[in-house]
Each structure stands twice: as structure tokens, then as C-alpha cells.
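K.L.:
Take this structure, written in C-alpha cells, and hold onto it; I'll ask about it next.
The values are calculated or read from the model by the stated rules, or taken from the named source; none is laboratory data. Predicted model, so just to flag it, every value in this text is computed and none were measured. Cβ placement follows ideal geometry from the backbone for every residue including glycine, while neighbour counts extend to all protein chains displayed. Only protein heavy atoms, including side chains, enter the accessible area calculation; ligands, DNA and RNA are left aside. Shrake-Rupley method; radii C 1.70, N 1.55, O 1.52, S 1.80 Å.
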Amino acid sequence: MRPPPPTPAPTLQYRLLIVTVLTALFMPLHYMGSALYELAGGLTTVKPYSGVALALILMMGEAWLWPVLLAGTLGGMLAKFATSTQLSDILITPVVTSLTLLAVHLAARRLIGKKIDFRAWRQLVGYIAIATAICLISASAFTLTIDGPNNPHLALYWQAWFIPTALSYVIFTPVMMLLATAERSALIGNWRRLAACLLMMGLVLAANFLPVRLPLLFATPIALLIVTLVSGLEGAALGLVLTQLILTGATVMGFSASAIEHLPMGYQLYFLQVFMAILIGVMLPVAAAVAERVRLRDGMEQALEREALVNAALRASEQHARDMAEQATAASNAKSEFLASMSHELRTPLNAILGFSEILKSELYGPLGHPKYGEYAEDVFKSGAHLLDLINDVLDLSKIDAGKMELREGIFSLRDLIADTVHLVSDKAKNHVAIHQDIDGPLEVLADKRLIKQILLNLLSNAIKFTPDGGAVTVGASQGTAGVAICVADTGIGMTAPQIEKAFSHYGQIDSKIARTHQGTGLGLPISQSLARLHGGDIIATSVLGEGTRMTLLLPKSRIARPHALFSVG
């Protein structure tokens, strides 16, 4: 798949177009501030450019930083040229305004992060503090540079710069960002609530212009708090914008709030700006904190609902697993009990087959008349014997699984038992594998002789089966501090660790050429290990591929009937 072509860099003409459009936008914003400054007699002004420009940079990304700064500076110079005759004011004021904007942006980016979340009250308070501090510094630098430290109106000029600049960042940037990043679905879905809240705000603000001396202006924070609780942070932002537009716009047009109508316009605007600064500095973080708390509450409720659903699913899954387990258990017990109860029914006909085939092949009642009959009788006998071994293995394992295998304990000599077992497998090893015995003293144990013999038969049969011609098998027994160890070691093909694990699993035959030449269920080792554990012991296997295997039957110390002095095992 061909990768998409890279996005081409903006052309020079495109960048010039962006700067031109932004300049046309920022020029009236600058002009509004300058005109209001003249209207207020130099006491105060508004600087909407600063907050709007920073909001554009935050919304559009870093690529818009320098175009916005350049357009803001040019727009400010053009606006100043239309309202001022001083060249220093035309050049320096827009430059300082843009430098203040750059400082606020860089400081907020450095101290808060690349993305400022104005819905998080901590980040909002941090942004307000940064913007206020930088505006304080820029106001001091500007007034000292332009007016000098000895100007008697220095404090007035300083506050005329500081308050409206800081107010612009505090009002316009957060409100624009909150509205720009608000979920459209939330605004559209709550439009009735928002409209009702804004109507209430409008009525409260309109009441301030009634010809009464009551301080109705201070009902505005209460109304904003109600708006925040009803319509959230977006409603609070819209309410603050509405408050700023109505109070400031009406005052500029000559309609003063009744509580301050006796003051000159400059002082009225100054009072309203201080009032809005306090209102926004307090109400907007409170609204953000309330909104954040609501989000946390909703998130916790959703998390609790999800947790309840997960717990219900877990309980249903546990119950299902419990039901299933009671059923991979009832079925296993039924199977084991069935196979154990079928022992007599399965073995009786097989014993008859073996007995009659033995009579036929030995020609007990006379010759059969043809040599083939004898061969067939021999085949029937071998097949029946093999089938009986398989059935015995399955039945033994089923008995063990069903818990019906009982120990018939007695004291016997391991030396004699090993000798008898070696004698039974001698035909299998004849002219094939040499068998050696190494018994450590006259060991006697208390155990089920038949089952221990079965374990040894299984271990010896496997050792002989998996040892090539010319190899050797050694069987020995020794007594140690932990108990008795009966070892069967061979020089056969050996096994890897995964093969050992498979050999001890039910029906886990090892996939090798020698294993495939010998029939069997693969139950010898699992049965032997189960019988060993029935005695309180275990079977431990160690093996090296291509070198041989060592199977060790461990019996606990409590199985030693007549302990003797310990011999060192060579």
C-alpha cells in the first residue's frame, strides 16, 4: 500500500493571507481599546485583543503563534495610528502588548503544559495567576518606560494598563477555550437549560439599571452560581460573557447601573472592570471545581455501575464454573465407578479366552491337526494377554481416581521383591538388555507388596523397552535419613523435560521410534506415581536425552519396618 503524500508546507502567499485576515480581525479589537481609553479620560480601557489572540493560539496550535503575534502588532499599530498622534505610542504599545502575549503563552506552556485544561480548576487557577503576574510586570515596564518614574499619574497609567490587560486574559481566553472545546452534544442537548439560565442572568443584570439605590449588582455572583449548578461550566462561561457585554456595553452607550450612575464614566468602567476581575477570578475557578466534582461523581457512579456489572458477571461465571466442575467431577466419578464395577465383567471373559487359547496352543487334549492352528492359538493368547494388561491399567487408574484403591499392607523384604520382579521381566531382557541389582542391605518395608511390585514391574518394563540392544538396566534400593529410595536406571534413549512431563500425564506416550514399536496405554508411569503417592511417597524422574533415564521410587521413613545402620550409597 502506497503511503500518503506528505502535507505540503504553507506557501508564502497563504501565510500572507492568514496575516492579512488576522490583522483585519485584530485592528478593530485594538481600536476598541484605544477608543474606550479616550472615552474614559485615560482612566481605564479594555484590551480584548490579548485574550482573543491567546485563545486562537491555544485552539489552532503553535503554527499560529507567529502569524498571530505579527498580525496583532500590525493591527495594533494601525489602530493606534487612527487614534493617537504620538509615534512612541503607535510603535511601542502594540509591541509591548504582543510581547506580553508571548510571555503569557510561553510561561503557561512551561509551567502548566502544552495543553491547558480550563475545566480543571487547578490548571485554571494556575493560568490566571501566571497571566496576572506577567501583566503586572509588563504594566510596570511599560509605564516606567513611557511615562518615567517621576510622573505624578504613574499609578493611574499603571492600573490603566494592568487591569484591562489582565482582565482580557482572565475573561476572553478561558471563556473562548471552554466554549470551543465543549462537547457539541452537551450544548445542543442542554440548550433549553442554557437558554433559561442566560435569560435569568439577563433579567438579573437588567435589574441593575432600574432606578433604585439597592446594590443589585452584587446579586450577579449568586445568579452565576445558580447558572453553574444548573448548566455546568459552559453555562458559567456564557454567563460571564453576557455579564461583561451587558455591563460594559451599556455603560459605554451611556446606560449606567443605578448603583454607580453618579460616578464619571471612567470610574464606572474602572469599577466594572475590578468587579469583573473579582467575579471571574472567583466564580470561574469555583465553577470549574463544581464541574470537576460533578464529573468525578458521575465517573464514580459509572465505575460503581461497571463494577456491579462485572461482579454480577463474575458471580454468574463462578456459578457456571462451579456447576461445570460439579458436573469435567460427577461425570468423572461415574466413569471411574463404572469402570471399577466392570472389573469382574471384563476380566472374566478375557481369562476364559486366555485359558482356552493356552489349552489350544499346548495341545493339552491332543494334536490340532495343522501347525497353523497352534500359531493362531499363540496369537490369540498374546493378544488376550495384552488386552488384559491394558484393561488392568485402565481399571487400576479408575480405581485410584475413584478413591477405591485400598492398601493391603504387610512387611516384606525389598531384596526378595526386587529379585522376583527382575525374574518376571528377564524374558523381555534376554539377549537384549543386561539387568544388574544393587541392594543396600536387608531392607524391609511396611507397604502393599502387590502394588510396590506393580510399580517396579512398570519401571523395569519401561527401562527395558526404551533401552536399545546392548544396553543395561540397574535396579537398586537404599535407605537414607528421609526414607527408602528404589531406583531403576537405564542407558536408553532418555527424555527431555517436556517428554518427562508428558510421560507422567494420563495416556501420555512419548513419541519416539522405540515407543511406537511397543504397544501400551501410556498409563504405566501415571499409575506408578499414583500408587507411590498412595503410600505417602512419590516417583522422581531424571533423564538426559540419548544417555538414559533414572526413575526413583521414594517411600517415607515411616514405611521402614526394621531400620538398619545406614550405608553409603556408591
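K.L.:
Sort the following peptides by mean Cβ neighbour count (other Cβ atoms within 10 Å, averaged over residues), highest first: 163-174, 91-102.
P.N.:
In decreasing order of mean packing, 163-174, 91-102 become 163-174, 91-102.
K.L.:
Would you mind getting me the FRET efficiency between Val544 and Ala352? Use the beta-carbon distance for r and R0 = 35 Å, nearest 0.05.
P.N.:
Efficiency for this residue pair is about 0.15.
K.L.:
Antiparallel as a % of all DSSP beta bridges within the chain, to the nearest 5?
P.N.:
Around 80 percent of the beta bridges assigned by DSSP in the chain are antiparallel ones.
K.L.:
Still on this model: What list of ³J(HN,Hα) values in whole Hz, one per residue of segment 454-460 in order, does the Karplus curve 6.51 cos²θ - 1.76 cosθ + 1.60 (θ = phi - 60°) give from phi, with Gly and Pro shown as x?
P.N.:
Those phi angles translate into 4, 4, 5, 4, 5, 5, 5 Hz.
K.L.:
Measuring with a 1.4 Å probe in the full set of protein chains, what accessible area per residue, in whole Å², belongs to the chain?
P.N.:
55 Å²
K.L.:
Just to verify a number: FRET efficiency for Ala195 and Ala497, C-beta to C-beta distance, R0 = 60 Å, to 0.05?
P.N.:
0.20
K.L.:
DSSP loop trypsin sites (Lys or Arg not before Pro) in segment 420-462 with at most 13 other Cβ atoms within 10 Å of their Cβ, which ones?
P.N.:
Sites meeting the loop and neighbour criteria: Lys430.
K.L.:
Under 19 Å from a label point 7 Å along Cα→Cβ of Ala561: give me every residue in segment 426-450 with its amide N that close.
P.N.:
439-450
K.L.:
Run the simple label-point estimate for Leu368 and Leu229 please: 7 Å along Cα→C-beta, distance reported in nm.
P.N.:
10.6 nm
K.L.:
Applying 1/(1 + (r/R0)^6) with R0 = 41 Å to the Cβ-Cβ distance of His436 and Ala313, what FRET efficiency is obtained, to the nearest 0.05?
P.N.:
After rounding, the FRET efficiency stands at 0.10.
K.L.:
Still on this structure, please answer the following. In a Debye calculation with equal point scatterers on the alpha-carbon sites of segment 137-265 and no solvent, what is log10 I(q)/I(0) at q = 0.09, 0.21 Å⁻¹?
P.N.:
-0.37, -1.16
K.L.:
While we're looking at this one, here's another question. Which order, highest average first, do 239-248, 457-466, 357-366, 260-269 follow once you tally other Cβ atoms within 10 Å for each residue and take the mean per peptide?
P.N.:
457-466, 239-248, 260-269, 357-366
K.L.:
What is the distance, in nm, between label points placed 7 Å from the Cα along the Cα-to-Cβ direction at Leu388 and at Ser140?
P.N.:
11.0 nm
K.L.:
Which of the aspartates and glutamates could be linked to Lys382 by a straight reach, that is with a Cα gap under 17 Å, when you skip same-chain ones fewer than 8 residues away?
P.N.:
Once the sequence-local aspartates and glutamates are set aside, what remains near Lys382 is Glu358, Glu363, Asp393, Asp427.
K.L.:
What nm value, rounded to one decimal, do you get for the distance between Ala182 and Ile222 when each label is placed 7 Å out toward the C-beta?
P.N.:
2.5 nm
K.L.:
Could you please state how large a percent of the accessible area of the chain is carbon and sulfur, counting protein chains only and using a 1.4 Å probe?
P.N.:
That fraction is 64 percent.
K.L.:
In addition: Normalising by the residue count of segment 366-454, find the relative contact order in percent from Cα pairs under 8 Å and 6+ residues apart.
P.N.:
Once divided by the residue count of segment 366-454, the mean separation gives 35 percent.
K.L.:
Per-residue HN-Hα couplings for segment 113-123, Karplus 6.51 cos²θ - 1.76 cosθ + 1.60 at θ = phi - 60°, whole Hz, x for Gly and Pro?
P.N.:
x, 5, 10, 9, 9, 6, 8, 8, 5, 5, 5
K.L.:
Only helical DSSP H runs with n ≥ 4 go in: add -39500 (n - 2.57) per run for the chain, normalise by residue count and round the 222 nm mean residue ellipticity to 500 deg cm²/dmol.
P.N.:
-23000 deg cm²/dmol
K.L.:
Defining a contact as two alpha carbons under 8 Å apart and six or more residues distant in sequence, what relative contact order in percent does segment 121-268 show?
P.N.:
21 percent
K.L.:
Now, a different point. Positive end of the charge dipole of segment 66-136 (Lys, Arg +1 and Asp, Glu -1 on Cβ, about the Cα centre): tell me which of Ile130, Gly76, Ser88 has its Cα farthest that way.
P.N.:
Farthest towards the positive end: Ile130.
K.L.:
Taking the alpha-carbon set of the chain, what are its Rg and Dmax in Å?
P.N.:
49.0, 147
K.L.:
Further question: How large is the dipole of the chain about the Cα centre if only Lys and Arg carry +1 and Asp and Glu carry -1, each at its Cβ, rounded to the nearest 20 debye?
P.N.:
The dipole magnitude comes to about 1540 debye.
K.L.:
With unit charges on the beta carbon (Lys/Arg positive, Asp/Glu negative), name the residue among Ala289, Leu101, Leu459 whose Cα is farthest towards the positive pole of the charge dipole of the chain.
P.N.:
Toward the positive end, the furthest listed residue is Leu101.
K.L.:
Taking the Cα of Leu111, stepping 7 Å toward and past its beta carbon, and measuring to each backbone N in segment 138-162: which are under 14 Å?
P.N.:
Residues passing the 14 Å test: 138.
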